[in-house]
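To start, the structure under review is shown below, and the notes come after it.
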Amino acid sequence: MSVLIPCFSSGCFSLCRLLPRRNRRRIVSLLGLLAVLTLSFVVQFRQCVSQDTDSGVNTRHLAATLRAATVRIETPNDLCSGVLVSSNGLILSVAHGVTAADRTVSVFLHDGRSFKGRVRFRNADLDVAAIQITAGPDERLPQPIALQRDISGPSVREQRPIVFACGYPARESSGQSPVLRMGRIEVQDRNAIRSSCVLTAGDSGGPLVNPAGRLIGLHRRIGLRRQVNVHIPVSVVRAAASRHGELTELKGVASSTARFDPRPSDQVLRELRLRTAWFYTPGEADPFLAGTWLTSSLVTTKLSELPTEIEMLTCGRAGETAVRFTKVAVDRQLDLVFVKLHESADATDVPTVPPIGVPDSTDLSVGSIVFGGSEASPGVVARTAHREIAVVARLGVELLIQSGNIYVEKVNPLDAAGDAELLPGDRLVKLGDADLKDLDDVADVLSNYQPGDRVIFDVERNEQKLQRIGRLTFPADSMLQRENFLDGRAGELSRRRTGFRSVIQHDVNLSPLQMGGPLVDRRGRCVGVNIARRGRESVLAIPIDRFSGFLTPFAR
């Protein structure tokens, strides 16, 4: 289209020479304006088309194909992932996810369908297994993933090439969709691939693919650090298969020249700089929490990480320019707090979000590339309109009713009541902002909270009124507590990370400190506010279009 613009303009200007001179200037001006508008449309059209497309790599299409071919495998003793590699139902996975005693397994597809799978072979030495499923005459299996024939092809010879991973986290129930991730190959030899595609429990056996969507490895092991994730190369997979008979499905295809390297544009860097706010405590040079500027005076951040006493806190782009603020609203379900800055010259150049005339974040899809954090780290969207399960919050206290009053009978020192330093014999008067008459009132208040939230206790002790604050925790024996912390491999997670509805899930490498900060797409649009580092491979963000109704009173 851009080639036609100069030809069209040249032809029109030539035609103008045939017109009377008195009309030429006006027509030339109109044609010039038309050319500028057309060129602007082409630029915007190209930006729209090129989003999530780089050197012929369409990450949205790749994501759809990869997720459809990734399966969950259930055995009586374990959960793992696998990948469909042939149209006749052959699935590759790891041997350590399927025991020698397992003859059949349950296989779940991304769309919720399930099949019985027969273990076709299992090689414990090379840690490779193959499973066969058979679809009925009226059922159609997803498009399989082709194996890369030459692992030393152009996509691997590049320095730290981009790769994509997919798998089913063990913490989630069967029937949910697999989780997509993006990273780079860090180190590789013929026996193993180490990448920064972050793996978690349950991913073993899932696919590692190059930007052309071709299988180059299977997930094998999680390392202690986020960048240490080990995969089995397809050459090892073929070696394992050759010991168990010829499998024509594993011949593979030739290497691809597809290259992909998402880097932040100037627009992305500018938007992150404009939108990111920082919160400071008195006397501290380093911030303790990020925030997102929604207007030139309104900032939002993570409610559960902002202290309840905010009188001395400041907010700004840097400590020396940070100013005091006032809390104006909260959304407990989204874990958001909105604050209005008293005076600030920091954000006079911040436009209100979402910008007028710019589509909202609903056009994000799985596979979209996004950026976040002060270093503009890239990531890929794994889910949209995602619902992260809610957890029943516990106060860690046993209560009793006596003479119409609620008293503390026993306190667990590791839970919220212990954190608030409640004592047996305290009379519980209020919880949060609610007066309490019976135990049902306590349950009603707790239904609005999640582990990680702070809760305010109003109590009477020895005829003295006290107010105490404690943080709700996960039950010590829950999977959410054990999986994410006791193995030491997840790193620091957000304390409040459950109970979110209709959020974006992505894998940008962010810390809990950076929650509350902006999420930006490849076009430099602020599309969300990061709200929780949920797991080793997962960050959640609130879509920016959910702020539009609240912003009306504050828009300038």
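The values are calculated or read from the model by the stated rules, or taken from the named source; none is laboratory data. Fair warning: this is a prediction, and the values are worked out from it, not measured in the lab. Because the Cβ atoms are built from the backbone with ideal geometry, glycine has one as well, and the counts that use them run over all protein chains shown.
When we screen ARG317, ARG383 for residues that are over 30 Å from VAL179 (Cβ atoms) and modelled with pLDDT of 90 or more, the only hit is ARG317. One residue is enough: does region 359-372 have a residue meeting the conditions at pLDDT 90 or above and more than 24 Å from ALA68 (Cβ to Cβ)? Yes; the residues of region 359-372 include at least one that is at pLDDT 90 or above and more than 24 Å from ALA68 (Cβ to Cβ).
Each residue in region 279-294 was checked for being more than 21 Å from VAL529 (Cα to Cα) and in contact with a Phe, Trp or Tyr (Cβ under 7 Å, 6 or more places away or on another chain), and 1 pass.
When restricted to residues that are part of a loop (DSSP other than H, G, I, E, B) and either among the β-branched types (Val, Ile, Thr) or surrounded by 13 or more Cβ atoms within 10 Å (Cβ to Cβ) (or both), region 388-407 contains 8. Checking the structure you have, find out if any residue of region 227-236 is hydrophobic (A, V, I, L, M, F, W, C), at pLDDT 85 or above, in the same structural domain as PRO169 (by TED's automatic domain parsing) and surrounded by 23 or more Cβ atoms within 10 Å (Cβ to Cβ). Yes.
Of the residues making up region 74-94, those that are closer than 16 Å to VAL237 by Cβ, assigned to a strand (DSSP E or B) and of a type in the set (A, V, I, L, M) number 5. Scoring THR65 on the criteria (1) more than 21 Å from LEU199 (Cα to Cα); (2) modelled with pLDDT of 95 or more; (3) of a type in the set (Ser, Thr, Tyr) leaves a single failure, condition (1).
The set of residues in region 95-124 that are assigned to a loop (DSSP other than H, G, I, E, B) and touching a residue at least 60 places away in the same chain (Cβ under 8 Å) comprises HIS110, GLY112. Total residues in region 311-327 satisfying the condition of being farther than 17 Å from LEU274 by Cβ and either buried (at least 17 other Cβ atoms within 10 Å of the Cβ) or not assigned by TED's automatic domain parsing to the domain that holds GLY528 (or both): the figure is 3. GLY291 fulfils the conditions (1) surrounded by 18 or more Cβ atoms within 10 Å (Cβ to Cβ); (2) touching a Lys or Arg at 6+ places or on another chain (Cβ under 6 Å) except for a single criterion, (2).
Only residues that are of a type in the set (A, V, I, L, M, F, W, C) and in contact with a Ser or Thr (Cβ under 8 Å, 6 or more places away or on another chain) were counted in region 85-113, giving 5.
Beta carbons closer than 9 Å, at least 6 apart along the sequence or on distinct chains, pair a first residue in region 273-287 that is closer than 12 Å to THR301 by Cβ with a second that is of a type outside the set (Gly, Ala, Ser) and assigned to a helix (DSSP H, G or I) for THR276/GLN514; PHE279/GLU305; PRO287/LEU513.
For region 173-218, name all the residues that are surrounded by fewer than 24 Cβ atoms within 10 Å (Cβ to Cβ), acidic (Asp, Glu) and touching a residue at least 12 places away in the same chain (Cβ under 8 Å). If the condition is that a residue be surrounded by fewer than 24 Cβ atoms within 10 Å (Cβ to Cβ), acidic (Asp, Glu) and touching a residue at least 12 places away in the same chain (Cβ under 8 Å), then GLU186 is the only one that fits. Of all residues in region 282-289, one or more are in the same structural domain as LEU510 (by TED's automatic domain parsing), modelled with pLDDT under 95 and either in contact with a helix residue (DSSP H, G or I) (Cβ under 6 Å, 6 or more places away or on another chain) or of a type in the set (Val, Ile, Thr) (or both). Entry remark, region 436-469: residues being over 27 Å from ARG495 (Cα atoms) and either acidic (Asp, Glu) or crowded, with 19+ Cβ neighbours inside 10 Å (or both) number 3 in total. Counting only residues that are under 20 Å from PRO144 (Cα atoms) and within 27 Å of the chain's Cα centre (by Cα), region 92-107 holds 4 of them. Tell me, please, whether a residue that is charged (D, E, K, R), surrounded by 14 or more Cβ atoms within 10 Å (Cβ to Cβ), at pLDDT below 95 and over 29 Å from GLN450 (Cβ atoms) can be found in region 328-348. Within region 328-348 (the criterion being charged (D, E, K, R), surrounded by 14 or more Cβ atoms within 10 Å (Cβ to Cβ), at pLDDT below 95 and over 29 Å from GLN450 (Cβ atoms)), the answer is yes, since at least one residue qualifies.
Please go through region 408-435 and pick out each residue that is touching a helix residue (DSSP H, G or I) at 6+ places or on another chain (Cβ under 6 Å) and either in a loop (DSSP other than H, G, I, E, B) or not assigned by TED's automatic domain parsing to the domain that holds ASP458 (or both). Within region 408-435, ASN412, GLY432 qualify.
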